[in-house]
Amino acid sequence: GWELRSEHFKGGSTPKYITTFDNHADTCITFEGFLDFLSYLMLKKAEQLRIDAVVLNSVVNLPKAIPFLQRHRTVHTFFDNDEAGRKATADVIRLRSDSKVIDQSAFYLRHKDLNEYLQTRQRELRLRQKKQSHGHKI
C-alpha cells in the first residue's frame, strides 16, 4: 500500500502492511505511523539509521511485526498517546516479555504523537527566532 500526506490530506491505500529497516541490530525502534518515524529522524538529525526500525502503518498491523520484533533484545515504542497506542505498547510488552521494551511516549506526553511534538517544537523555535530578530532592529 501507499501512504499519502500533504498539508490538506492524510490517507493511504490498501492493503496496509508494515515497513521494516533491517540493519541487523539488537535494538529496534517501533512507530505507529510513517510521519512519526520521519519526525524521529528529524529530531535525532539522523541521516542514516544504525539500529532497526519498524513502522506499523496502523496499530492493527502489530501482529505482522512480531516476527521482526522477536529478533531484538531491546524494543523502543513510539506509539500515539491515545488508547490504541497504549494498548499497542502493552501488547508489545506482553508479546516480547523476554525483551526490554521501552515506552518512549512519555517523551512527548502532552502531544498526540511524536509528529505533533516535532511540529510544536518547530513552531516555538520559529516564534523565538522571530522575537529575537524583532528585538535587534534599530
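Below 16 Å Cα-Cα, how many Lys pairs turn up in the chain? Only count pairs eight or more apart in sequence, or on different chains, if you could. Let's see the in-between values first.
On the way: 10/112; 16/64; 64/87; 87/112.
Eligible lysine pairs with Cα atoms under 16 Å apart amount to 4.
Per residue Cα convex hull volume for the chain, in cubic angstrom?
Working: hull volume 17.7 nm³, N = 138.
Hull volume normalised by residue count: 128 Å³.
Scoring 72-78, 27-33 by mean Cβ neighbours within 10 Å over their residues and listing the highest first yields 27-33, 72-78.
For residue 124, the accessible surface of its heavy atoms amounts to roughly 90 Å² (probe 1.4 Å, protein chains only, rounded to the nearest 10). Defining a contact as two alpha carbons under 8 Å apart and six or more residues distant in sequence, what relative contact order in percent does region 72-128 show? Result for region 72-128 is 40 percent. Extension gain, residue 98-residue 64: 0.36 nm per intervening residue step, less the Cα-Cα distance, totals 10.4 nm. Calculated accessible area for region 55-138 comes out at 66 Å² per residue, all protein chains present (probe 1.4 Å; ligands, DNA, RNA ignored). When the solvent-accessible area of the chain is split by element, carbon and sulfur atoms take up 54 percent of it, the probe being 1.4 Å. The amide H of residue 76, built 1.01 Å from its N in the peptide plane, has 28, 29, 30, 102 as neighbours under 5 Å, considering only residues 5 or more places off or on other chains. Taken one residue at a time, the phi angles of region 115-122 give Karplus couplings (6.51, -1.76, 1.60, θ = phi - 60°) of 5, 5, 4, 4, 4, 5, 4, 5 Hz. Gly and Pro are set to x.
The values are calculated or read from the model by the stated rules, or taken from the named source; none is laboratory data. Owing to the predicted nature of the structure, the values given are computational and were not obtained by experimental measurement. Backbone-built Cβ (ideal geometry, glycine too); neighbour counts: all protein chains shown. Side chains are part of the model used for accessible areas, which takes the heavy atoms of the whole protein and leaves out ligands, DNA and RNA. Shrake-Rupley method; radii C 1.70, N 1.55, O 1.52, S 1.80 Å.
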